[in-house]
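First up is the structure itself, then whatever we jot down about it.
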Amino acid sequence: MSTIKIRSKRLADYTLVRTLIAHPMETGKRKDDDTGELIPAHFIQTVSFKHNDQLMSQCQMGPGIAKNPFFSYHIKSAQAGDIIRISWQDNLGYSDTAEHIIR
Amino acid sequence: MMISKRLQATLVVIVCSFITFSASIYADPFEDRQKMRAFYQHLFPQLPLADYAAGVYAIDPDAKESWLAIEEFPPYELALEEGEVLFKQPFANGSSYANCFPNQGITIAQNYPYWDKKKQQIVTLASALNDCRLDNQLTPLAYGKGEISYLLAYMAYTSRGQKINTRIPKDSQAALAAYQQGKAYFYQRRGQLNFSCAICHLDNAGKFIRSEILSPALGHTTHWPAYRLNTGEMSTLHKRFMVCNTLIRAKVDPAQSTALRQLEYYLSFMDYGLPLNGPSTRK
């Protein structure tokens, strides 16, 4: 099961691409309710957005972003059949990539 | 002698008025439903009945717009996927959740809660899930949030669009009594703030409470479990009841306690015929 969900919608003058990433986004400052110990930081550092293998945007993120972050992109030049590739890397070295074809 | 006769007459009058009063408390449930719907019909004349399933968004156009935008790509999708995996995963003994429910657990959420004649209590979908786990020698799940809300989300999703089908069996006095107690809970003032459910969600429905608009009670049970934007988690109906009781500073009845099941039974009976639209997103 991919951690990234992507959906797109072609509108009159642009294409709307929306994405939801399942990630805990721990800041490292929260304490465990039961043990009282700090929960180690675990957050996404970069999210990149590729349109037909061309890098369109790269977000540098910190622990200030919410759990399960949601992004939306507006692309002007998208055609049906174009491939969107979104990937993330986090501070613990985990990463994921998902592909989506615009209809 | 004259005085005592007069006293007797007054007593008779008092007793008579008590009888009529108690008769009005135990009104016919169908009459209750009709009255509640007539009340809201008067309050929001433009609103068709099915729209009450949208809760407060039915009466707040601005909030509805942003809610519909959220529902296009809803945050509960992750929970829904997890719920499907959990639901289909077989137990250690080879059985699964599907075997505990009629129709393999698909499109049945609208039939809950119902009165179980054998157990002599109200069975909610959440309690049925935990009964299923107990029958299969598994530890029951914590009610409120987490795994149970994912399972409920999946089960509600498969039942989307079905009409709420809560009935009170005609031949069961105990079921009627449970309904009446649920109704009493709804109208009973409690807590330090001395509020009842009805004060906010019936008398003041559609008015502001600080920055929020109060939702009508009709439609309260249709959209659970819900992804709450204030906590960023899936939450169940009983968890919401508990939060309400906390807010009015009342004693908090635990999730799936008899009192809250009765309240759910009463509210679901009011919602009979409304479309089930859970899981959902709520502020």
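Coordinate-derived values only; no laboratory data. Given the structure is predicted, the values throughout are model-derived calculations rather than measurements. Virtual Cβ from ideal backbone geometry, glycine too; neighbours counted across all protein chains shown.
Could you check how many percent of all C-alpha pairs in the range B:68-132 are farther apart than 17 Å? Spell out each step's value before the answer.
Values: 1116 of 2080 pairs.
When all Cα pairs of the range B:68-132 are counted, 54 percent exceed 17 Å.
Given Cα pairs under 8 Å that are at least 6 residues apart, what percent is the relative contact order of the range B:29-283? Numbers along the way, then the final one.
Values: 420 pairs, mean separation 70.5, N = 255.
This gives 28 percent for the range B:29-283.
Picking from B:Arg249, B:Arg167, B:Arg240, which is most flexible by a Gaussian network model of chain B using Cα springs under 10 Å?
Largest GNM mean-square fluctuation: B:Arg249.
Would you mind giving the mean number of other chain beta-carbons within 10 Å of the Cβ of each residue in B:72-81, as a whole number? Before the final figure, lay out the partial values.
Values: counts 4, 10, 1, 4, 0, 5, 7, 2, 0, 4.
Neighbouring Cβ atoms belonging to other protein chains average 4 per residue here.
Arrange B:Arg228, B:Arg160 by Cβ neighbour counts within 10 Å, fewest through most, would you?
Working: B:Arg228 19, B:Arg160 14.
Final ranking by Cβ density, sparse to dense: B:Arg160, B:Arg228.
Where the centre of each part is set by its Cα atoms, how far does the range B:262-283 sit from the range B:45-75, in angstrom?
Computed from Cα coordinates, the inter-centre distance equals 15 Å.
Considering lysine pairs in the range A:4-101 that are 8 or more places apart or on different chains, how many have Cα atoms under 23 Å apart?
Lysine pairs meeting both conditions in the range A:4-101 amount to 9.
When A:Met56, A:Met61, B:Met155, B:Met36 are ordered from fewest to most other Cβ atoms inside 10 Å of their Cβ, what list results?
Values: A:Met56 14, A:Met61 17, B:Met155 27, B:Met36 20.
Ordered from fewest to most neighbouring Cβ atoms within 10 Å, A:Met56, A:Met61, B:Met155, B:Met36 come out as A:Met56, A:Met61, B:Met36, B:Met155.
Over all alpha-carbon pairs in the protein assembly as shown, figure out the percentage whose distance exceeds 26 Å. Present the calculation step by step, with values, prior to reporting the outcome.
Working: 45863 of 74305 pairs.
So the pairs more than 26 Å apart make up 62 percent of the total in the protein assembly as shown.
On a 0 to 90° scale, report how tilted helix B:258-270 is relative to the longest principal axis of chain B, with both axes built from alpha carbons and the result rounded to the nearest 10.
The angle comes out at about 90 degrees.
If each Cα of the range B:138-283 is one equal point scatterer, what is log10 of I(q)/I(0) from the Debye formula at q = 0.10, 0.11, 0.18 Å⁻¹?
At q = 0.10, 0.11, 0.18 Å⁻¹ the computed log10 ratios are -0.35, -0.43, -1.21.
Give me the three principal axis extents of the range B:29-283 from the C-alpha atoms, as integers in angstrom, largest value leading.
That works out to 53, 45, 34 Å along the principal axes.
So, in Å, what gap is there between the alpha-carbon centers of the range B:138-212 and the range A:2-33?
32 Å
Between B:Ile106, B:Ile209, B:Ile199, which gets the highest mean-square fluctuation from a Gaussian network model of chain B, Cα cutoff 10 Å?
Taking springs between Cα atoms under 10 Å, the residue moving most is B:Ile209.
In degrees from 0 to 90, rounded to the nearest 10, what is the angle of the helix B:125-135 Cα long axis to the longest principal axis of chain B?
60 degrees
Relative to the first principal axis of the alpha-carbon coordinates of chain B, what is the inclination of helix B:77-88, with its axis defined by its Cα atoms, in degrees from 0 to 90 and to the nearest 10?
The answer is roughly 80 degrees.
Which residue, A:Gly28, A:Gly93, A:Gly36, has the most motion in a Gaussian network model of chain A that connects Cα atoms within less than 10 Å?
Top of the fluctuation ranking is A:Gly36.
Where does each of B:Met234, B:Met270 land when they are ranked from fewest to most other beta-carbon atoms within 10 angstrom?
Details: B:Met234 28, B:Met270 25.
Ranked by crowding around the Cβ, least crowded first: B:Met270, B:Met234.
In a solvent-free Debye calculation with one equal scatterer on each Cα, what is log10 I(q)/I(0) for chain A at q = 0.12, 0.14, 0.17 Å⁻¹, listed in the order of the q values?
Once normalised to I(0) and log-transformed, intensities are -0.45, -0.57, -0.77.
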